[in-house]
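Let me begin by presenting the structure, written as structure tokens, before commenting on it.
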Amino acid sequence: MANLFENILSKISGGNNNSIIGVDIGSSSIKVVQLKKNKGKAVLQTYGEIALGPYAGIEIGRATKLPAETVAEAMLDLLKEANVSTPDAAMSIPMRSSMVSVFKMPDMKNQQLAQMVPIEARKYIPVPIAEVSLDWFVIPKIEDEEMIPETGKPSPQKFQEVMTVAIHNDILNDFNLVVNKTGLKTSFFEVEMFSTARSVLEPGYLMPVMIVDIGAGATKVYITERGVVRASHIIGKGSQDITIAVSKSLGVPVDFAEKLKRSFGANSPQQDEVIANISDITMNPIFTDANNILLKFQKEHNKNVSMVLLTGGGALLKGLTEKAQQKFGIQTIISNPFDKVETPAFLEGILQQTGVMFAGAIGLAMRKLQELD
């Protein structure tokens with residue numbers, strides 16, 4: 001392993017000052033996207049994905065929980081396979097490894113807020129505050145929310161919403177170990193929902209949008225407004241639940257069940273009825289929970305969510321978009337984060353089909369490119 005580290009590090013250590021990579025470490029795979037800034041535009045140089053299942057002795061597509069050393073090994077394999085040529089990176093932290101809370105605070109000066117937020121945050125963090133690294137920011141106010149919906153008159157008491165993000169120090173230590181083992185130069189870690197939102201949202205779009213990020217082991221739901229995440233939730237089921245259910249129902253190996261799932265999908269007359277029914281049974285509770293999150297936001301903020309964006313590898317399931325739109329009752333589309341990146345013409349068709357899998361990595365790379373300005 002030492003020789004592998006040395007070989008790859010010597011390859012990328014020189015780097016390219018105009019190139020950066022976004023590294024999205026998920027539960028079932030690691031994704032990397034390398035971008036270069038050229039005349040103010042983000043240009044795709046390379047991208048790639050590596051499944052983590054084999055490193056845990058399980059099938060491709062299954063969610064894993066690997067030690068940092070093994071994650072570093074997999075990442076080095078990916079950097080080599082994708083021909084990454086720069087060590088300048090940004091890296092995501094999964095939502096399952098963070099604690100995100102939104103609460104109201106009275107209007108006060110930033111200095112006072114900096115003292116009060118950690119005290120208030122203790123109510124929402126189930127471990128001692130000394131064991132986590134805490135970051136927070138004030139959610140920008142929306143003018144119409146300062147009015148009382150029933151009367152249309154200004155609210156007599158002013159509040160501000162604060163979002164806190166807490167990450168256990170042990171988690172950060174693991175990620176720092178991965179960075180050290182791979183030799184990457186990482187200037188920041190970012191919770192995946194912020195990276196994903198950055199890549200899939202259209203710049204300047206003001207209306208509320210719900211992003212449904214369907215991963216292997218979990219589905220993440222974010223509601224954004226004016227480009228800012230205002231609510232987030234994790235649903236403890238993902239696309240691998242369909243695979244496992246197909247495997248058990250048909251008595252076939254998990255890897256074969258994964259192929260059947262990808263071939264037949266959710267609900268089309270041409271698809272296998274058994275697999276379509278299993279997909280429906282698995283996805284219905286996920287969509288029900290997501291719809292409840294949508295309705296709760298609309299009630300609390302007295303405004304409608306304008307659109308649902310599907311992303312994550314699970315969004316590629318055939319027939320899923322139509323089923324989701326029926327459930328939510330509003331426009332539902334699959335996102336394509338590569339739309340924000342200049343790509344070779346011959347890759348256009350492939351990237352349109354697989355782009356949702358790289359939303360987090362692209363969002364990280366887009367933020368990292370800003371550091372070059």
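Numbers at a glance
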| item | result |
| --- | --- |
| Least to most buried among Met75, Met307 (fewest other Cβ within 10 Å first) | Met307, Met75 |
| Proxy reagent accessibility, fewest Cβ within 10 Å first, across Ser195, Ser133, Ser247 | Ser133, Ser247, Ser195 |
| Antiparallel DSSP beta bridges within region 197-346, as percent of all bridges there, nearest 5 | 60 percent |
| Value of [θ]222 nm, deg cm²/dmol, for the chain, DSSP H segments ≥ 4, -39500 (n - 2.57) each, nearest 500 | -12000 deg cm²/dmol |
| Under-5 Å amide H pairs with Val228, H placed in peptide plane, nonlocal only | none |
| Karplus-derived HN-Hα couplings along region 223-239 (A = 6.51, B = -1.76, C = 1.60, θ = phi - 60°), whole Hz, x at Gly and Pro | 10, 10, 9, 6, x, 10, 5, 10, 7, 8, 8, 10, 9, x, 9, x, 5 |
| Vicinal HN-Hα couplings computed from phi for region 79-92 (Karplus, 6.51 cos²θ - 1.76 cosθ + 1.60; Hz; Gly/Pro x) | 4, 5, 5, 8, 6, 5, 10, 9, x, 6, 9, 10, 9, 8 |
| Kirkwood Rh and Cα Rg combined as Rg over Rh, evaluated for the chain | 0.97 |
| Using θ = phi - 60° and Karplus 6.51 cos²θ - 1.76 cosθ + 1.60, couplings along region 311-324 (whole Hz; Gly, Pro as x) | 8, x, x, x, 5, 7, 4, 4, x, 5, 4, 5, 5, 5 |
| The chain, relative contact order [Cα under 8 Å, separation at least 6], % | 20 percent |
| With at most 16 neighbouring Cβ atoms within 10 Å, loop trypsin sites (Lys or Arg not before Pro) (DSSP) excluded, longest segment of the chain | 227-302 |
| Likely footprinting exposure, Thr196, Thr243, fewest C-beta neighbours within 10 Å first | Thr243, Thr196 |
| Longest segment of the chain lacking chymotrypsin sites (Phe, Trp or Tyr not before Pro) that sit in a DSSP loop with at most 15 other Cβ atoms within 10 Å | 206-373 |
| Residue among Ile25, Ile125, Ile223 with the largest mean-square fluctuation in a Gaussian network model of the chain, springs linking Cα atoms under 10 Å | Ile125 |
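No lab work stands behind these numbers, since they all come straight from the coordinates. Only a predicted model underlies this, so the values are computations on that prediction, with no experimental measurement involved. Cβ: placed from backbone, ideal geometry, glycine included. Neighbour counts: every protein chain shown.
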